[in-house]
Every structure is written in structure tokens, then in C-alpha cells.
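Reviewing the structure listed below.
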Amino acid sequence: MNTASKFLKLYGLGAIFITMILIVLNVAIDFYGLFWRDGKSGISIYSDERTSKYLLAHRYVPNNFNVYLLGPSLSANINTKEFAAERIYNLSMMGANITEQYAVLAKALESKTPSKVIICLHPYLTADHGMKTGMINKKEYWGAVGSISLYKAYALGLVRKFNVLPDKYPQNQFNDFGYNNYNDLLRSTDVKARIESELQKPDAINANINLQALKEFDIMITDLKSRGVQIIGYFHPLPYPIFKTFESDLIKYQVTIREHLGADVVLLDFNNSEYQFFTKDFSNYIDHGHLSEKGQKFILTEIISKAGI
Amino acid sequence: MLFSSPEFIFLFLPTTLFVYFFLSRQSNFIYAKIWLLFASLFFYAYWHPANVLIIILSALFNFYASRLLYKSKSKVLLVAGIIINLGVLGYYKYADFFLENINALVDEPFPLLHIALPLGISFFTFQQIAFLVDAFSRKVQNFSFADYCLFVTFFPQLIAGPIVHHSEMMPQFSNPINQKVNLNNITLGLFVFNMGLAKKLIIADSLSNVVAQGYNHADKLSVMQAWVTSIFYSMQLYFDFSGYSDMAIGLGLLFNIHIPINFNSPYKAENIQEFWRRWHITLSTFLRDYVYIPMGGSKHGEWKTYRNLIYTFLIGGIWHGAGWTFIIWGGLHGLALAWHRFFSKFKVQVPKFGAVVITFLFVNITWVFFRADGWQTAINLLLSMIGLNKSIGTSVVLMNDFYSLPIWIAAVILLFGKNTNQIARNFNFNNSYGWKLMALIILNLIYLNSTISQEFLYFDF
């Protein structure tokens, strides 16, 4: 080969051809159920939780689930598949604030309205606002035909499938109901000691509500109500010593949130005296706040029965 | 419109290129030039339409001033022309810096103006000052208004250089050979552009998160983290800026315009003088020809030479940004150049490897002032680098994951391997380069379609 023309035709068109093949392959795989997969057999998560849940919220979640669970990491490890018949998808995300959570929820609401939405209420959700990462991004939709995050998801899918790095990427960390089983990654060996060490920190609980976050919370609630979605809120059960130490701040937080939710919202308070048997039993926790499997089952059962799901 | 944005790559560039060569083939070449001029102004207006007026007025003023200068050879006119150019640059770039410093000395502070910096103003101001000086010295040949405007606004070099010289550019715009499609240039241009794009999208952007995290917690870093932060920034800046320059060179080639190289493996430099012959070459050349030499250069004794070097680099520092950290950065480089000149007299031989390491360490440390958002951040990072920060032991997570580790390793290898100019010089229409081009295009398309930060660092200057 000795001319620019031939060179350009061969390699320029070759690059375009290979790119087209990659796009076709990625659409055929349809990792997030964006293009043709109906997801009846379930679509799990393998890589970034935020990107994955945002993309799954385009079609898979609204088409296959009736109820959504929202919240930060405190609810992300609740395995709603334990109650598969209720079709509850866990849209909670580790470290999520209200901006991120509503962005994912809004995407799911665009195509279908769920019957109910459960919200895990903890100051963390409204302590700040704004996207914490670039992972929830419109661009990711087209990224599903070929992008770094897609290929990373493929790679981690293989790593999990063949259990290559079980300590860092456990095989069954996620499931097709949005469950993020990070329990083994975060579990403290001595939960009581972990709670005690947390109590040494004066800012272990920041119960302040960011004003902009509260506005966004209101917008989310109004949006859900306008669509006729039944909202069920629950104040996340904090280990009793932590709740007791920060009780006055947490009560203030609860009062504000109650006002903003309105009287028509089903609201469960797992920190009141009725549930002290639960919050005083540290076997319900894996650390200073995240629930153990035993704790998760109890809380979800309570929500389902009390809220009539 | 960023070079690395889909709208530039898939819409602006192909349309501009196609219409340019269509017009140059079908009609008088002047129409093709006018098209290219309008396309360049559109490219500039894409960020902030109002700023187009600034560049148009600046080009008009300097064009007519240079005509007058050519005829009159009036030194007063030259000085006035330079002052007006620097005045405009000063107003947009340094007004708030000036006021902040005044405010530090007075009881009743003046309100800051908060003027948005028009992109590329530092670059096109320097280019036009050079033009005025050369018009005064009658080094400028006959030139048309269209060629002059294209020299100032040609979009590949408009925003972040290279700082082109009229003697390199204007003859190319009027050369009839350049009016025809040249597939050799287009192929090489595509190759160089894709190399630059890969340097920016794949390497520089993968380093940026670590750098940002490090500088945001400069006072809490461990010694290792502080060094990683500073070295990553040195690499990020190189790949970002040289990537941009490569893209500009590649884009120029598509239009048969040869834009001068701007980088030549700067971190291989064995001393600070060599570094400045390899880093931002077009700026160094400008500073040498239009600042250092007019000040007397090295012709008035050793001490005045040292003084001239320091002054030149103080100007280079303030050119980069309105802040004391930039002045300190420039001053340190000026001092280092003076010291190197002094030390060279003793003819002490430092082994090549040691010389490269010493030079890199100096440059790396001075980049801390260049990158830091203020004096305190710079000092915090430098203290962290020697283990003297206030909060040692406070945990900061510098890297959330190591997915980019292969890219970081590749970056280090690329710093010391063949650079873009060397690879492009040997470019051939063979399979080896064909596969490289194909891989670059595919990788760039994947990265273009990914969510990553894409700001170019040198847009701020």
C-alpha cells in the first residue's frame, strides 16, 4: 500500500466498520435493558451502582416493578427479592443524596408510574444536594452502545461471574431487584465496639437539613403525589445508643420531614419506644447504622405489613 | 466548542473542511478564506458570542496599526499599539488581580469587576504584538486583510495556541498549493489529531480526578500522596496541553497549514534551559524574541543577563494567570535559568539520568504553584511533600479505585518514549501506522462516548 487514498479507505473505513460492529454487539447484549430486553428473566447489576440503576430505571425497573424503595446505603442493602411477589425494586444507592435519588426516580417515572414508593428517611439523604459524581448522566444512555463504563461493567461482570476477586467483587453482591449486598464488605467484627467508637465523634450524626436539599425533597414528594403514587416513609432504625445521644437533633429532623411529607403519607418511626427491642439488639446491625440480614428482613416485613403492600 | 466534543468532530470540522475545499475548487480562493474566517469566528463565538466583537476589533485595530507602522516606522505608534493591546489584555485578565492587591493596602476596598476572561485573549494578543513589532521593523511582507484575519483567528490555534508567528502562517494562507485537497496532509493530520485526542481523553482526563482530590486536601496528604498528586499534575498538564497542541497541528494539516510544534518531550530535558526549549516552545520563542532580546538579552554582561532572564520569566508567569502563584512560578523559573547559566561556567558534568531527574523534580515542584488555587494550597502541598503538614495521619482517599492504573503506567512510559512529533515524522502509509490509526480512532470514539471531564487546562490562560 503506498497511497494516502488507499490507506484512508482501508483504515478509516475499517475503524468505522469495527465501531459499528461494537455498537451492534452492545445493543444485542443490551446490558441494561435499554433497547430490546424486556428483563423478565431479571437484570442484575455488576458495576457502578449509580450508573446501573439510572440506566435500569429507563425501562427495566418501570416495566417490571410496582414498588420502589428509595434511600442511601442504609436501605441499599435491603433485599427486596425476599418478598419477590411484591415486586419491590430497590433504587437506593450507596452515598446517595436527594438530588441523585430523585434523578434516578424521575427517570423511572418518565415511562410508568409505580403504585407505591417507600422512602428510607435519614438525615444523610437531605444533608446536602447536587450530584456527587458524574455517574448519573444522560450521556450514559448512549454510553450503553459503547463506553468506558459499559466495558468496565462487562469486565466486572466477568470478574464476578468467575469469582476472580471475591473479596473486592463478590459474586452475588447485587441482584436483579437492586439489592446491594455490601454486608460482608462493611461488616464490623464487633458491632457494639463500632457503635461506641462512633459515639466518640461529636458529629456522628449530622441531622441538619440542607435548604436546597429540602426543596428538592419537596419537589420529589409533590411529583409522586401528583402521579397518585402512595408514599410510605420510614425513619431508619438507628442503634439505640446513637439515637439517644442525638435524640433532640433527630426529633427536630423528624418534625421537619413529617411536615414536608404531609398527613397523607404513611410514616413509620422505627426509633420510637415500640421498636426499642430492635434498636437495642445489635445483631440487627453490621456497624453503626447499616442493617444486618436479620434486621433488614424484620424492617421490610414491618413496612410491608404496616403499609399494606 | 471543544476539540474533543462530538459537535466539533462530527459537525463543525467536516462541514468547515468540506465547504472550504469546495469553495477553493469551484470559485475564487478568497471565498474559501472568508468561509474559513467565518467558521473560525463561529467556533470562537460558540463559547461566548459577545466576545467575537473583542477579537474582531482587536484584529481590525492591529491590522490598520501595522499598515501605518509599516509606512511611518513611528516608534510612538508602536508603543501606543503595544500599550493598547496590553491594556485590553490587562483589563480583561488582570483588573481584579490589580484591585485585590490595591484593596489589601487601603481601608475602603474597591469593588471587584468580575470580568469574564475572553478565551484565547493571551494568545491572540501576543501574536498581534509580535506582528506590530515586525511591521515596525519592516519584517512583514505584503499581506491582505483576509490573510491577516485568518492568521489571528484560524480556529485550530485560536484558543490555546500554539502561539503562531505571522511569518509562519500568512504565506501559507496565500500559497496556491495549499488550496487543493492534499490527502497526504489529511491522513497525517487525522493521525496527529487522533494522537492528541487520545493524550487528552484517555490519559490527561484519567489523571485529573486524582489531582483534583489531592489539591482539594493538600493539607491532609501523606508524603506519598502529596508526591503522587504533584507528579500526576505534571503528567496531566503535559498530556493535556501537548494533546491540545497536537490536535491543533493535526487540524492545521487538514487545511494544508503547518502549525509549529509546541512540545518536544520536555521531561527528558537535562537542564532548565533545555526544558524551555522543549515545553511550550512557541511561548518560549515569543518571550525570547519579543521580551528577552529587546531587553538586551545576553549582550550586556552577566548580571544584566540574569536580570533579563528573571524579568522575562516573571512576564511569562503573569501571562499565564493573574495571581501571585503564577508570578512565583515564573520567578522560580527565571531564577533557575539564571542559576543554570551561572553554574554552566564551571562545566560540571552531571550524569544524564541525574540531570533529567533533577530538572524534572524542579519543574514538578514549581508546577505546585502553577496548579494551586492560592498561596496556602501550594504551601500545604509542598509541606505535605516533605511530611510537615498540619494534619498528618488524617486519612484522605486519593484514588477510589485503580481501574486507570494501566493508563497511568502507559502515561509514564509515553513521557519518556517517542513523542508525537517523532512518531508523525516517521509516518508512512504502511500497515503498522494503519493499525495504530484504527486503534486510536476506535479508542477515541469510545472515550468520546464516555462520561469524563473534558476541560482543557490551558483554556484558563
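The values are calculated or read from the model by the stated rules, or taken from the named source; none is laboratory data. Since the structure is predicted, the reported quantities are computational estimates derived from the model, not experimental observations. Glycine gets a Cβ as well: all are built from the backbone with ideal geometry, and neighbour counts include every protein chain shown.
In region A:122-154, which residues are assigned to a helix (DSSP H, G or I) and facing another protein chain (nearest Cβ under 9 Å)?
A:139, A:140, A:142, A:143, A:148, A:149, A:150, A:151, A:152
Please work out which residue is nearest to residue A:22 (Cα to Cα), limiting yourself to region A:144-162 and to residues that are surrounded by fewer than 20 Cβ atoms within 10 Å (Cβ to Cβ) and of a type in the set (Ser, Thr, Tyr).
A:151
Exactly one condition in (1) more than 13 Å from every other protein chain (Cβ to nearest Cβ); (2) buried (at least 17 other Cβ atoms within 10 Å of the Cβ); (3) part of a helix (DSSP H, G or I); (4) in contact with a Gly (Cβ under 9 Å, 6 or more places away or on another chain) is not met by residue A:62; state its number.
(4)
Just to be sure, is residue A:48 at pLDDT below 95 and farther than 20 Å from residue A:181 by Cβ? First the steps, then the outcome.
Working: at pLDDT below 95: yes; farther than 20 Å from residue A:181 by Cβ: no.
The answer is no for residue A:48.
Name the helices (runs of 4 or more DSSP H) wholly inside region B:88-206 in which the number of residues that are polar (S, T, N, Q) and under 30 Å from residue A:15 (Cα atoms) is 1 or more.
On the way: elements: B:95-103, B:121-136, B:145-153, B:155-158, B:166-174, B:183-198.
By residue number, B:155-158, B:183-198.
Report, by residue number, each residue of region A:254-282 that is of a type in the set (Ser, Thr, Tyr) and in contact with a helix residue (DSSP H, G or I) (Cβ under 6 Å, 6 or more places away or on another chain).
As a first pass, look at region A:254-282 and keep what is of a type in the set (Ser, Thr, Tyr): A:256, A:273, A:275, A:279.
Hit for region A:254-282 is A:279, nothing else.
Can you name the number of the only condition in (1) touching a helix residue (DSSP H, G or I) at 6+ places or on another chain (Cβ under 7 Å); (2) in contact (Cβ under 8 Å) with a residue 40 or more places away in the chain that residue A:228 fails?
Unmet condition: (1).
Go through A:46, A:32 for me and flag whichever is in a loop (DSSP other than H, G, I, E, B) and within 14 Å of chain B (Cβ to nearest Cβ).
Numbers: A:32 fails: within 14 Å of chain B (Cβ to nearest Cβ).
Testing whether each residue is in a loop (DSSP other than H, G, I, E, B) and within 14 Å of chain B (Cβ to nearest Cβ) leaves just A:46.
Taking region B:236-269 on its own, how many of its residues are closer than 23 Å to residue B:180 by Cβ, aliphatic (A, V, I, L, M) and assigned to a loop (DSSP other than H, G, I, E, B)? Lay out the reasoning, then the answer.
Step one: list which residues in region B:236-269 are closer than 23 Å to residue B:180 by Cβ, which gives B:248-260.
With the extra rule that they be aliphatic (A, V, I, L, M), the set shrinks to B:248-249, B:251, B:253-254, B:257, B:259.
Subsequent filtering for residues that are assigned to a loop (DSSP other than H, G, I, E, B) retains B:257, B:259.
Number of matching residues: 2.
If the requirement is being farther than 16 Å from residue A:103 by Cα, aliphatic (A, V, I, L, M) and in contact with a helix residue (DSSP H, G or I) (Cβ under 8 Å, 6 or more places away or on another chain), which of these qualifies: A:70, A:34, A:55?
When all the criteria are applied, what remains is A:34.
How many residues, within region A:238-270, are within 30 Å of residue A:226 (Cα to Cα), under 22 Å from the mean Cα position of the chain (by Cα) and in a loop (DSSP other than H, G, I, E, B)?
2
Would you point out which residue out of B:401, B:373 is over 24 Å from residue B:123 (Cα atoms), surrounded by fewer than 19 Cβ atoms within 10 Å (Cβ to Cβ) and among the acidic types (Asp, Glu)?
The unique qualifying residue is B:401.
When you go through (1) crowded, with 18+ Cβ neighbours inside 10 Å; (2) within 12 Å of chain A (Cβ to nearest Cβ); (3) among the hydrophobic types (A, V, I, L, M, F, W, C) one by one for residue B:169, which number turns out not to apply?
(2)
Could you grab me the full set of residues in region B:342-369 that are among the basic types (Lys, Arg) and surrounded by 10 or more Cβ atoms within 10 Å (Cβ to Cβ)? Spell out how you get there, then give the answer.
Residues of region B:342-369 that are among the basic types (Lys, Arg), as a first pass: B:345, B:347, B:352.
Across region B:342-369, the qualifying residue is only B:352.
Report, by residue number, each residue of region A:1-29 that is assigned to a helix (DSSP H, G or I), free of Cβ contacts under 8 Å to residues at least 12 places away in the same chain, of a type outside the set (A, V, I, L, M, F, W, C) and at the interface with chain B (Cβ under 8 Å from one of its Cβ atoms).
A:5, A:6, A:11, A:12, A:14
Need pairs with beta-carbon distance below 6 Å; first residue closer than 20 Å to residue A:17 by Cα and within 9 Å of another protein chain (Cβ to nearest Cβ) and within region B:417-440, second of a type in the set (Ser, Thr, Tyr) and not in a loop (DSSP other than H, G, I, E, B); sequence gap 6+ or separate chains.
Partner pairs satisfying both residue conditions: B:434/A:11; B:437/A:11; B:438/A:11.
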